[in-house]
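Working notes, beginning with the structure itself.
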Amino acid sequence: MAADLYSAKVQESRAYLSLLLTPLQWIVDVPSRVAGEVSDVVVDRSLLLKENAKLKAEALQLERKVQQNAALWLENERLRSLLSGAERVDEEVRLVELIGVNPDPFQHQVIINKGSENLVRLGQPILDAGGVMGQVTEMSHYTSRVMLITDARHALPVEINRNGFRTIALGKGELGELELDHVPDTADIVKGDLVITSGLGGRFPRGYPVAIVSDVIRDPGQQFARVRVMPTALLDKSRHLLLVDMPEELNEAVIPNEVSE
Amino acid sequence: MNSGSPAPAGGGGFIILGTFLVGLMLSQMPLPYLIEWARPEWVAMILIYWVMALPHRVGMGTAFFLGLFLDVIKGSVLGLNALSLTIIAFLTLLLHQRLRMFPVIQQALMVMVLVGINQLLFHWMQSFTGYTGDNLIFLLPCLISALLWPWLFVVLRGIRRLFRIR
């Protein structure tokens, strides 16, 4: 056990052990896959039509936003170059699929269907349609483990979208709840504020939504305000996830010891 | 592990291996978040049965390797489950003659105690490496395991008799 905690060699053998278990994971995933297929086949026609209409409306909305976005993007670039600031890099994303969940309820981890053979790297962020989900903490050859942001061992540098107030979102080991760390009583945070990644620390790209402030408790007897936030990602429901490929040099600058092993 | 034993022992090594594989599969079946707390410890239960029924074939070695796989599944430190399952196998080896005499209900009680020991050891060691909560809900699986034991016992005994594993 001590060997596992302190040595990289054991990590490798662990990867091989999980390679042996990969077929089992696929088999376990089959029922939910089949259920998905079946519900695709026997779905109601009117339901499909309704969904289609809804999706079309949604697509229209999104397209409108994108049109504006292009203009805003260029404007941003121009302003940045005026300030001679660094160019903003855009991250690439890959679609991955969730194939398993850690059976230990104390650990909020999920298993995805890409591993070191698919060039997944340690510490890569994972998003879903709602926002940030977590980061890759362990890799086998064809699967890897993702620690969710609600895991009690996870912390994530964030900022308040409205005013850029920086803080850290800590997981509490409870699904659907995070806590902002060391927020002074006077900080300008109100219920309903959007919390986004600040990009500090370099692991997570900047500007992705993380959570919405659900509760601010200012107790004069306490040193800090208690701010509870609710993740925007559907941590226990999403099946299709996005794996973010951060720019290479940034990644290695942040986790040199883990990458070099 | 167990398929290497010679003919007089009665073959069926693959059957035993198969039941353990099913156990490993069941123990990583996705469950809704709240029910996950009540997931029975399949692998530990199946191990207890085989150690009780065939102590000369399934023992602490098997338990150790099973534990390694369980560690990989649960994402715990490698060797954690291996140690706790080995201890369970050892206790069952000590108790197996008495366990065989017990009626099923009493066996279920013993299973509750054994799985409880397993859970306590696992969470005690897990707490060295990370947060494990502050209430006793992690003991719920041992109760559920005990409730399921009679059925599991009947099924596994049926399998053992059907394939004449001795």
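One table, with the values for the structure above:
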item	result
Verdict on A:Arg88 being modelled with pLDDT under 85 and not polar (S, T, N, Q)	yes
Pair list, Cβ under 6 Å, 6 or more apart: region A:122-151 residue away from chain B (no Cβ under 14 Å), other residue in a loop (DSSP other than H, G, I, E, B) and of a type in the set (Ser, Thr, Tyr)	A:Asp128/A:Ser238; A:Gly130/A:Thr232; A:Gly131/A:Tyr208; A:Gly131/A:Thr232; A:Val132/A:Tyr208
Breaking point among (1) of a type in the set (D, E, K, R); (2) away from chain B (no Cβ under 14 Å); (3) touching a strand residue (DSSP E or B) at 6+ places or on another chain (Cβ under 8 Å), for A:Glu63	(3)
Any chance B:Met52 is closer than 26 Å to A:Ile99 by Cα and buried (at least 16 other Cβ atoms within 10 Å of the Cβ)	no
Number of the condition not met by B:Gln106 [criteria: (1) away from chain A (no Cβ under 14 Å); (2) surrounded by 13 or more Cβ atoms within 10 Å (Cβ to Cβ); (3) among the polar types (S, T, N, Q)]	(2)
Residue match in region A:128-145 (condition: of a type outside the set (Phe, Trp, Tyr), under 14 Å from the mean Cα position of the chain (by Cα), farther than 21 Å from B:Val72 by Cα and surrounded by fewer than 19 Cβ atoms within 10 Å (Cβ to Cβ))	yes
Which numbered condition B:Ala146 fails, given (1) in contact with a helix residue (DSSP H, G or I) (Cβ under 7 Å, 6 or more places away or on another chain); (2) under 27 Å from A:Ala15 (Cβ atoms)	(2)
Residue tally, condition of a type in the set (S, T, N, Q) and either in contact with an Asp or Glu (Cβ under 7 Å, 6 or more places away or on another chain) or closer than 17 Å to A:Leu241 by Cβ (or both), over region A:57-116	4
Near pairs, Cβ below 6 angstrom, 6+ apart or cross-chain, from region A:7-29 (under 17 Å from B:Phe65 (Cα atoms)) to any residue that is polar (S, T, N, Q)	A:Ala15/A:Ser140; A:Ser18/A:Ser140; A:Leu19/A:Ser140; A:Thr22/A:Thr143
Test: residue in region A:103-123 that is under 15 Å from the mean Cα position of the chain (by Cα), closer than 15 Å to A:Phe204 by Cβ and of a type in the set (A, V, I, L, M)	yes
Criterion (β-branched (Val, Ile, Thr) and modelled with pLDDT under 90) met by exactly one of A:Thr186, A:Thr150, A:Thr232	A:Thr186
Check on B:Trp50, in contact with a helix residue (DSSP H, G or I) (Cβ under 8 Å, 6 or more places away or on another chain) and at pLDDT 90 or above	yes
Any pair with Cβ under 8 angstrom, 6 or more apart, that starts in region B:58-80 at a residue that is at the interface with chain A (Cβ under 8 Å from one of its Cβ atoms) and within 15 Å of B:Asn118 (Cβ to Cβ) and ends at one that is assigned to a helix (DSSP H, G or I) and among the β-branched types (Val, Ile, Thr)	B:Ser76/B:Thr129
Only listed residue being at pLDDT 90 or above, in a helix (DSSP H, G or I) and within 11 Å of chain A (Cβ to nearest Cβ), chosen from B:Leu83, B:Leu93, B:Leu148, B:Leu140	B:Leu83
Test for B:Val113: is it under 20 Å from B:Gly59 (Cα atoms) and among the aliphatic types (A, V, I, L, M)	yes
From A:Val244, A:Val213, A:Val227, residue being in contact with a Phe, Trp or Tyr (Cβ under 9 Å, 6 or more places away or on another chain) and modelled with pLDDT of 85 or more	A:Val244
Per-region count, region A:164-195, residues among the hydroxyl-bearing types (Ser, Thr, Tyr) and assigned to a loop (DSSP other than H, G, I, E, B)	1
Options B:Val43, B:Val77, B:Val22, B:Val72: the member that is under 21 Å from B:Pro141 (Cβ atoms), surrounded by fewer than 20 Cβ atoms within 10 Å (Cβ to Cβ) and not acidic (Asp, Glu)	B:Val22
Considering residues of region A:131-144 that are at pLDDT 90 or above and of a type outside the set (S, T, N, Q) only, the residue farthest from A:Lys172 (Cα to Cα)	A:Val136
Matching option when the condition is more than 26 Å from the chain's Cα centre (by Cα), at pLDDT below 85 and within 14 Å of chain B (Cβ to nearest Cβ), among A:Leu83, A:Leu5, A:Leu20	A:Leu20
Looking only at region A:189-210, and only at residues there that are modelled with pLDDT of 90 or more and exposed (fewer than 14 other Cβ atoms within 10 Å of the Cβ), the one that is farthest from A:Leu242 (Cα to Cα)	A:Val190
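The values are calculated or read from the model by the stated rules, or taken from the named source; none is laboratory data. Quantities reported herein were computed from a predicted structural model and do not represent experimental measurements. In this analysis, Cβ positions are derived from the backbone assuming ideal geometry, glycine residues included, and neighbour counts consider all displayed protein chains.
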